[in-house]
1. Semi-axes of the range 25-103's equivalent ellipsoid from the Cα gyration tensor, sqrt of 5 times each eigenvalue, largest first, rounded to whole Å?
2. So for each of 294-301, 153-160 I average, over its residues, the number of other beta carbons within 10 Å; can you give me the resulting order with the highest mean first?
3. Convert each backbone phi in the range 242-257 into a coupling constant with the Karplus relation 6.51 cos²θ - 1.76 cosθ + 1.60 (shift: θ = phi - 60°), then list the ³J(HN,Hα) values in order as whole Hz, x for Gly and Pro.
4. Note down the net charge around residue 42, summing +1 for each Lys or Arg and -1 for each Asp or Glu among other residues with Cβ under 15 Å from its Cβ.
5. How large is the direction-averaged shadow of the alpha-carbon convex hull of the range 318-373, in nm²?
6. Which order do the peptides 338-349, 219-230 take when ranked by the mean count of other beta-carbon atoms within 10 Å per residue, highest first?
7. Residue-wise, which Karplus ³J(HN,Hα) couplings in Hz belong to the range 313-326, taking 6.51 cos²θ - 1.76 cosθ + 1.60, θ = phi - 60°, and x for glycine or proline?
8. Counting only Cα atoms, I'd like the Rg/Rh figure for the range 206-267, Kirkwood definition for Rh.
Amino acid sequence: MAMLRSRAYVGLLVVAAILGVPISAAAWGFLALVSYLQKELFTHLPHGLGYSTAPAWWPLPMLVIGAVLAALAIRYLPGNGGASPAPGFAVHPPPTPVQLPGVICAALASLAFGAVIGPEMPLIALGSGLAVLATKAARRRPVPAQGVRVLGAAGSFAAISTLLGSPITGAFLLMEASGLGGPMMGLVLLPGLLASGVGALIFVGLDSLTGLGTFSLAIPHLPAYSRPDVAQFGWAVVIGLAAALLGPAILWLSLSVHRYAEKWVMIVLPLAGVAVAVLTIIYTQATGKPASDVLFSGQSDTGTLVQHAASYSVGALLLLLVCKTLAYGVSRGSFRGGPIFPALFIGTAGGILMSHLPGLPLVAAVAMGIGAMTAAVMKAAAHLGPARQPAGALGRGQGHAAGDRGGSSSPTSPSPTSGRAWPHVRQRRRSSHRRRPPPAGDNPVSRVSEGEGSRNGNGRLHAPTGDGWPAAVGWAPDSASSTAASGDRIRSAARVEAGRGVCG
């Protein structure tokens, strides 16, 4: 509480509110650009080529072109196009300034050309990256490392302030994905909510000025709904069990595709685009419904689907559910974006399908489907997202591999969740990035402020507190003498010579 009342923290709140204005405007501009490009590519371009409506095969060239552009951004631009959504929704370290163009380009190529992926993870990367960039620009009064992390988190809050319909919803989503708790949650939550509130005002103001929309999830004109009954609670159990089976199946498909996409990105992404296009063509030709039911994130089509639910037969809904789910799994494992909005659309379609059963009204069924699929996506994030991230990953601008074309999402420091040495350290013993023993007489404790770390009396490596890692990561490598003698080998051992030794 003393820190929350300090003058420095009040100043941090002021900076968070100020940063919320340009960051939310940039996020709104990104969403507006995605919407504009989608309309140009799938509506205006076919008309310009002489077609009254886009032909059934139109998604095929669009998705292939988008896949090639996304693959080029992932392969050749720094940052690998941002984090992959294959493992699920998670909060990752913010991209560095040199990585931001690659993240934006990969996301634009994925979203604008019809991939079944959402905008939330690129928006979070954009918001946190711009906030960290702003702190680096303050050269007269450098921002402390903890302040950089808090402002990076506030930038993420501002970027998705109205994406889910409410700033509070976006805030809880980020807290759930990042695993914030304890004192850290108190430090981050207040600046994050402040930036999120400012962002919501900016989104509403830009909508009023331009008339383009706030680009948030909304389902208008819902039918009347009275209250739940016992039968609906029973159907909620059934829908929850179905989502519990469907969620892991989508996760397995996306991870399977992702394993190949990491190795052969220039081949797998165009093939993934062809697969999504074929599924779209099958659906449109069999049902006569628009291709947008299968393509895109579903963010703007969820309300339309609910409003026209009566025009969809059971067979059309079943085919939509199958095609959208497969296209979502393939896109999530290859393209760049977020995994939440397609899952919400799948939950909506599943709820409409279940509403044909007795005792289950439409509104309740849709709400159950959306809630169940959201839980399925967040479960994947809880087990495969933040668990792999170092403590303090929310808003931390450190930890990218130094030699990975401007940075990857894999930290080069030992895992904070393990008390042992790197399991792969023997395979990388010839790496040019390994650490050398210090000269005689060098005191490692004096280098803590420089980011190198030291040992305590028990031989446990201490990392500097400013980079987001826990103070003691429990790494006990060989002594300096044995490391210096081996020259080009790095051993992972449990013994530490008493009174001396530094990491090699």
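1. Details: eigenvalues 173, 47, 29 Å².
Equivalent ellipsoid semi-axes, largest first: 29, 15, 12 Å.
2. Details: 294-301: 24.6, 153-160: 33.4.
Top to bottom by mean Cβ count within 10 Å: 153-160, 294-301.
3. Here the 3J(HN,Hα) series is 5, 5, 5, 8, 6, x, x, 5, 5, 4, 4, 5, 5, 5, 5, 5 Hz.
4. Numbers: positive: 39, 289; negative: 40, 293, 301.
Computed value for this residue: -1.
5. Working: hull surface 14.7 nm².
Value for the range 318-373: 3.7 nm².
6. On the way: 338-349: 27.8, 219-230: 10.1.
Ranking, from highest mean packing down: 338-349, 219-230.
7. 3J(HN,Hα) across the range 313-326, in whole Hz: 6, 4, x, 5, 5, 4, 5, 4, 5, 5, 5, 5, 5, 5.
8. On the way: Rg = 20.5 Å, Rh = 16.7 Å.
Result for the range 206-267 is an Rg/Rh of 1.23.
No lab work stands behind these numbers, since they all come straight from the coordinates. Given the structure is predicted, the values throughout are model-derived calculations rather than measurements. Every residue, glycine as well, gets a Cβ built from its backbone with ideal geometry; the counts of neighbours run over all protein chains shown.
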